1. When the accessible area of region 287-401 is split by element with a 1.4 Å probe, what percent falls to carbon and sulfur?
2. Between Q226 and A37, what is the label-to-label distance in nm when each label sits 7 Å out along the Cα-to-Cβ direction?
3. Quick one: if you take sqrt(5λ) for each eigenvalue of the C-alpha gyration tensor of region 259-361, what semi-axes come out, biggest first, whole angstrom?
4. Compare the peptides 69-76, 378-385 by average per-residue count of other Cβ atoms within 10 angstrom and give them in order, highest first.
5. I want the local charge near F171. Using Cβ-Cβ distances under 15 Å, sum +1 for each Lys or Arg and -1 for each Asp or Glu among the other residues.
6. Highest mean first, how do 314-327, 166-179 rank when packing is the count of other Cβ atoms within 10 Å averaged over residues?
7. How far apart, in nm, are two points set 7 Å out from the Cα along the Cα-to-Cβ line at Q234 and at Y196?
8. Please state the Cα pair-distance histogram of region 162-312 with 5 angstrom bins from zero: what percent is in each bin?
Amino acid sequence: MEATPAPAHVYVGCVVLAALYCLHTMASTPVAWWAVALLAALYAGGERIAARGRLSGTFYPVLLAGAFLLPPAAAALVAVPGALIAPVGGRPRLLRRVWRAAQLAVAVWMAARVHWTLGEHDAVDASDFPYELAPAAAAVLAFCLVLTVLDGGILALAERVPGRRAWRGLFLRSLAPIAVHGLAGLMMAVLWRSPYGPVAALLVLLPMYVSWWVFAQYHRERAAHQATIRALVQAVDIKDGYTRGHSERVGQASMMIARELGMADERVEVVRFAGILHDVGKLGVPTRLLRKDGPLTPEERRVIELHPEYGHEMVRGISFLGEARAAVLHHHERLDGSGYPYGLRGNQIPEPARVVAVADAFDAMTSTRSYSRARPVSVALRELERCAGAQFDPRMVKALARAVGRHGWRPAVTADETCTPLPRPPVAGVTGGAHR
């Protein structure tokens, strides 16, 4: 939401109005205010703690317990203080907080309304298992559905994600963790109404806290891996000054292609990592060869052509990269078998490697460097189309053309344009695509 479009502001405003409507009946409904205050404080404190591990939704059991215990309007209020004071990433912070508070209020209200309707207003007090599970399950489904519908809308309007992608898979990915939270919330509600009271209900949060801690450790480990990736890319940029910023742009173009091909979000991320790391093997190539101004000798070219294998050795110990390792190794293969390092043909080349090959060549042609001027995007795309089938996978080329047509592309200058361009022969393949 950095530069939030006007339609997104309108959308958030509509959700806020819906949240206010959900809260408006509270004055006419008998409410145990001490219970509302306790649950709201518990949720607010828990979310602030969870934010340190960059995890959201960790204390959904508290919200769902409120949906099972309280009238709908009071249950919706439980989410509001915590959402308004919780740390947020990015700007505008106030808009993000208001959006989160309104979204959760509507989702909790709907869950409570469904539960009270199906459970005849007090299924928790009845403690009629297993029949009590039906209204609770319906409430959890309603909670998950409202969250995913609203999340998809904000993705489409604020982040400009295409509609068919904004909601795809969102509900199914959210359902399993929210179902677990719903079960914990139901256990809290039952214990709350038991002779042991609210103190016993709070014990349910202990295993949830343990699971949060485990996930936080995972996220810290992942952040450490990403920091390692950034350090490797910075090292490559420093060593090969001709292509500074190239890795990040290839990662971006690879991600655009992968999304256009309809890859799952997890795989899109792996392909982006592959694009970012594709040239990491240059750290094993002598700097004098990377920065040589004149033509390369056959022996020097053979040395440079070892960089995919060097790169694969460097990243193969990073377990979460998955298919990205194969892309680092094979991004200079060609469909006709004339590429390197192993001369693979056609579908023998891993799909992420075929994606990165197109993204790599595209950025090389559209970036100004000290030895060549950038080509217009349209010219670069025509050149890729000319080489499709022999050097590049036609599917990847078409996907890039569609993505660029939809989102545009900003070619970047990666070297000092005031330098006098020096002649340097292009690598074998794309004519004029001078990159090593």
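The values are calculated or read from the model by the stated rules, or taken from the named source; none is laboratory data. Please read all numbers here as calculations on a predicted model, not as lab measurements. Heads up, the Cβs are rebuilt from the backbone with ideal geometry, glycines too, and the neighbour counts pull from every protein chain shown. For the accessible areas, the whole protein counts, side chains as well, though only heavy atoms, and no ligand, DNA or RNA atoms are used. Shrake-Rupley method; radii C 1.70, N 1.55, O 1.52, S 1.80 Å.
1. Numbers: 2460 of 4870 Å².
It is 51 percent, rounded to a whole number.
2. That separation, rounded to one decimal, is 4.0 nm.
3. Details: eigenvalues 121, 49, 27 Å².
Equivalent-ellipsoid dimensions as semi-axes: 25, 16, 12 Å.
4. On the way: 69-76: 26.2, 378-385: 17.6.
Final packing ranking: 69-76, 378-385.
5. Numbers: positive: R164, R165, R168, R173; negative: D151, D265.
Cβ neighbours under 15 Å give a net charge of +2.
6. Values: 314-327: 17.8, 166-179: 15.4.
Peptide ranking by packing, descending: 314-327, 166-179.
7. The modelled label-to-label distance comes out at 5.1 nm.
8. Each 5 Å bin holds this share of Cα pairs: 2, 8, 11, 12, 12, 11, 9, 8, 7, 6, 5, 4, 2, 2, 1, 1, 0.
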